[in-house]
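Below you'll find the structure, written out as structure tokens, and then a few comments.
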Amino acid sequence: MGETKNTSLDPVVTGFVLLGLPHPPSLRTLLFLVFFIIYILTQLGNLLILLTVWADPKLHARPMYILLGVLSFLDMWLSSVIVPRLLLDFTPASKAMPFGGCVAQLYFFHFLGSTQCFLYTLMAYDRYLAICQPLRYPVLMNGRLCTILVAGAWVAGSIHGSVQATLTFRLPYCGPNQVDYFFCDIPAVLRLACADTTVNELVTFVDIGVVAASCFMLILLSYACIVRAILKIRTADGRRRAFSTCGSHLTVVTVYYVPCIFTYLRAGSKSPLDGAVAGFYTVVTPLLNPLIYTLRNQEVKSALKRITAGGKATRENK
């Protein structure tokens with residue numbers, strides 16, 4: 001990739017063809033149904049979390065659950081950026097995507113993904129304050145500060161997505177237009193560039209690596225302090241509740257970061273595993289988040305029961 005193939009800055013390619021996930025033709029209908037069901041369940045599960053946080057006064061007044069609601073909103077949009085286009089791979093429809101559509105998909109994927117990365121860090125910071133600074137928590141993490149931090153995460157994510165999309169599509173694309181992937185992402189698109197991509201690969205490695213590594217290190221540091229504080233709790237029930245609250249967040253952080261690190265810190269890789277790993281964190285992880293938080297979080301389950309019981313009581317009164 002070190003030698004420049006074309007010096008024109010104007011893209012000759014006017015669109016891309018997404019080759020999608022490799023699959024036997026005989027499984028096309030089954031795979032369409034599987035991904036369609038996953039998408040519907042993802043939207044419904046995250047919508048349920050959003051409505052629960054919004055409807056229950058005990059939840060939407062607490063920063064932890066405001067952040068959880070924002071995470072569900074991000075998961076719904078992230079899934080919508082990837083999965084509907086992926087479903088076309090299992091139909092006779094054209095696999096072509098306009099040049100502008102590819103730019104938009106890459107931008108929104110990195111915008112939403114990096115915002116989610118920052119949000120996980122904020123959730124860890126919130127848990128750190130709640131467990132390590134319980135008396136000062138209402139002052140240190142109030143609704144106004146939570147709103148400012150979430151807005152900052154959105155702005156930082158937008159800047160990150162803009163930088164990545166601009167750097168990727170400032171290059172000339174004048175040859176093959178077949179993207180060997182199921183969505184427009186940096187490593188797959190850069191392989192088609194008619195110019196030296198060394199700078200792009202370096203920026204991608206440093207930018208995404210620094211963002212992900214910094215957030216991950218801050219999360220680990222927060223949880224090192226959290227674990228030390230939890231171990232000082234005298235009652236077994238208190239320790240169990242604290243670990244349960246943190247366990248949900250640690251689980252979703254793990255299923256998010258591990259695949260991302262595998263993909264973006266190996267930008268030049270052409271491993272057949274790349275598509276499967278990308279499919280996990282773009283398709284499966286948004287589905288797992290509401291399941292993890294509803295199954296492991298007692299307060300969310302209690303809120304769901306209260307809302308359900310309230311709905312039944314309303315119907316009976318009518």
Notebook entry, point to check: Using r as the Cβ-Cβ distance of PHE205 and PHE73, and R0 as 30 Å, what FRET efficiency do you calculate, to the nearest 0.05?
Noted result: 0.55
Next item on the list: Give, as a single signed number, the net charge of other residues whose beta carbon lies under 13 Å from the beta carbon of THR52, with Lys and Arg counted +1 and Asp and Glu -1.
Entry: +3
Note to self: Accessible area per residue for the stretch 78-130 in Å², computed with a 1.4 Å probe and the full protein assembly in place, what is it?
What the structure shows: 29 Å²
Next item on the list: Would you mind computing, in nm to one decimal, how far apart the modelled labels at VAL227 and ALA309 are, each placed 7 Å from Cα along Cα→Cβ?
Entry: 3.7 nm
Note to self: Suppose R0 equals 41 Å. What FRET efficiency, 1/(1 + (r/R0)^6) with r the Cβ-Cβ distance, do ARG170 and TRP54 give to the nearest 0.05?
What the structure shows: 0.50
Margin query: Just to be sure I understand the curve: with the Debye formula and one point per C-alpha of the stretch 173-239, what is log10 I(q)/I(0) at q = 0.14, 0.16, 0.21, 0.25 Å⁻¹?
Written below: -0.62, -0.69, -0.91, -1.04
Checklist line | Backbone HN-Hα couplings from phi across the stretch 115-123 [Karplus 6.51/-1.76/1.60, Hz, Gly and Pro as x] | finding: 4, 5, 4, 5, 5, 4, 5, 5, 5
Next item on the list: Could you list which residues have their amide H under 5 Å from that of MET97, counting only those 5 or more apart in sequence or on another chain, with H placed in the peptide plane?
Entry: PHE16, VAL17, LEU18
Next item on the list: May I ask you to compute the full-extension gain from ARG234 to VAL139, defined as 0.36 nm times their residue separation minus their alpha-carbon distance, rounded to one decimal in nm?
Entry: 31.7 nm
Next item on the list: With N set to the residue count of the stretch 82-150, report its C-alpha Rg divided by 2.2 N^0.38 Å to two decimal places.
Entry: 1.79
Item checked: Kirkwood Rh and Cα Rg combined as Rg/Rh, the stretch 33-106 -> 1.13
Check: For helix 298-317, what angle does its Cα long axis make with the longest principal axis of the chain, in degrees from 0 to 90 and rounded to 10?
Finding: 80 degrees
Notebook entry, point to check: Do you know the relative contact order of the stretch 23-148, to the nearest whole percent, from alpha carbon pairs under 8 angstrom that are 6+ apart?
Noted result: 28 percent
Check: If you average over every viewing direction, what projected area does the convex hull of the Cα atoms of the stretch 1-135 give, in nm²?
Finding: 13.2 nm²
Next item on the list: Leaving ligands, DNA and RNA out of it, report the carbon-plus-sulfur percent of the accessible area of the chain at a 1.4 Å probe.
Entry: 69 percent
Notebook entry, point to check: How large is the dipole of the chain about the Cα centre if only Lys and Arg carry +1 and Asp and Glu carry -1, each at its Cβ, rounded to the nearest 20 debye?
Noted result: 1600 debye
Item checked: Two-site FRET efficiency, ALA276 against ARG28, from Cβ-Cβ distance with R₀ of 25 Å, rounded to 0.05 -> 0.90
Notebook entry, point to check: Can you give the Rg and Dmax of the stretch 85-217 based on its C-alpha atoms, in angstrom?
Noted result: 18.9, 62
Checklist line | the chain: equivalent-ellipsoid semi-axes (sqrt of 5 x gyration tensor eigenvalues, Cα, Å) | finding: 39, 24, 16
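The values are calculated or read from the model by the stated rules, or taken from the named source; none is laboratory data. This one's a predicted model, so the numbers in the text were calculated from it and none came from an experiment. Note that each Cβ is placed from the backbone with ideal geometry, even for glycine, and that neighbours are counted across all protein chains shown. Areas reflect the complete protein model, heavy atoms only, side chains present, ligands, DNA and RNA absent. Shrake-Rupley method; radii C 1.70, N 1.55, O 1.52, S 1.80 Å.
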